[in-house]
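Worksheet for the structure shown next.
The values are calculated or read from the model by the stated rules, or taken from the named source; none is laboratory data. Keep in mind that what you see is a predicted model, and the values were worked out from it rather than measured. Here the Cβ is made from the backbone with ideal geometry for all residues, glycine too, and neighbour counts use every protein chain on show.
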Amino acid sequence: MRHVGAIAGRELRSLFVSPVAYAVLTLFAVLAGFFFLSGILQFQEYVLRLQAFQAMEQLQELNLNDHVVAPFLHVMSVVLLFLIPGITMGLFTAEKANGTQELLLTSPITIWELVLGKFLAAAAFVAILVVLLAVFPAILFLYGDPEIGKTAAGLLGLLLVGLVYAAIGSFASSVTQSQLVAFFLAFVLLLVLWMLGFLADLGAAGGAVSNDMVGDLLRWLSTAAHFESMVMGLVDTKDLAYFVVMAAGFLVLTKAAVESVRWR
């Protein structure tokens with residue numbers, strides 16, 4: 001695994017050489033600022049309305065985590081659905097387009113080193129996005145008193161969601177030669193995983209999912225369900241295990257897809 005760091009550094013540098021990384025970072029920062037400011041203004045308006053009606057009990061129950069930070073993180077997790085496929089779509093397709101994949105596969109670099117190196121580059125970029133995002137909740141600590149633990153758990157959940165998205169994007173990039181196809185394949189997979197929990201709830205409410213085991217399986221597979229728990233401040237080992245299993249599973253699939261080139 002000695003080549004993993006070198007591969008990750010090369011991929012990360014190639015991201016910042018192209019305008020894609022800067023476009024993603026700029027768009028992410030603008031959207032984060034917009035949604036954060038919208039959340040603050042809505043919270044302020046809600047507080048003023050409660051004060052006008054003298055609803056003192058409801059005012060005492062208000063907190064920044066539930067009414068500002070949590071909705072903000074939820075919205076930004078949806079934004080990642082669109083942005084991360086744009087980062088990962090060229091991880092393996094670029095090698096195929098440039099005709100360098102065969103050279104890599106015949107070099108002393110192992111397939112696992114190649115897969116992990118490219119994934120770590122995407123993971124590092126996801127970490128940059130989360131650090132950039134953390135600046136906005138940090139502003140609240142200057143003017144309010146949000147819960148540190150709950151905020152940190154939410155940011156950790158967003159990081160883990162982003163890492164799973166990066167693993168899925170890596171897999172999508174490894175099974176096609178087109179960056180556009182890789183983008184849409186990754187986006188569809190992410191969207192399906194995100195919506196599984198809602199589909200299970202809708203199916204249970206409508207009677208379409210009568211089997212509790214099926215509903216529980218759909219909820220377990222849903223990234224939104226596990227992310228919701230962490231945003232609420234619950235860092236459970238079951239949720240952590242889910243993110244590890246999902247990321248590792250898609251990396252194994254990525255390795256199999258890359259290795260299959262040797263047998264074609």
Matching option when the condition is under 17 Å from V252 (Cβ atoms), crowded, with 20+ Cβ neighbours inside 10 Å and either among the small types (G, A, S) or in contact with a strand residue (DSSP E or B) (Cβ under 7 Å, 6 or more places away or on another chain) (or both), among G117, G90
G117
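Let me confirm something: among S170, S174, which residue is touching a Lys or Arg at 6+ places or on another chain (Cβ under 7 Å) and surrounded by 18 or more Cβ atoms within 10 Å (Cβ to Cβ)?
Values: S174 fails: touching a Lys or Arg at 6+ places or on another chain (Cβ under 7 Å).
Every option except S170 fails the conditions.
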Scan (1) modelled with pLDDT of 80 or more; (2) basic (K, R); (3) closer than 23 Å to W112 by Cβ for the single condition K238 breaks and write down its number.
(3)
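Take the conditions in a helix (DSSP H, G or I), surrounded by 16 or more Cβ atoms within 10 Å (Cβ to Cβ), without any contact (Cβ under 8 Å) to a residue 40 or more places away in the chain and among the small types (G, A, S) and apply them to G197. Does it pass?
yes
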Looking at (1) farther than 27 Å from V192 by Cβ; (2) surrounded by 17 or more Cβ atoms within 10 Å (Cβ to Cβ), can you tell me which one V17 breaks?
(2)
Return the pair list, or none, for Cβ contacts closer than 7 Å from residues in segment 102-116 that are at negative phi and assigned to a helix (DSSP H, G or I) to residues that are among the charged types (D, E, K, R) and at pLDDT below 65, at least 6 apart or on different chains.
L105/R262
Flag if K96 is under 24 Å from L158 (Cβ atoms), modelled with pLDDT under 95 and out of contact with any strand residue (DSSP E or B) (no Cβ under 8 Å at 6 or more places or on another chain):
no
Of the criteria (1) more than 23 Å from L133 (Cα to Cα); (2) surrounded by fewer than 12 Cβ atoms within 10 Å (Cβ to Cβ), which one V30 fails:
(1)
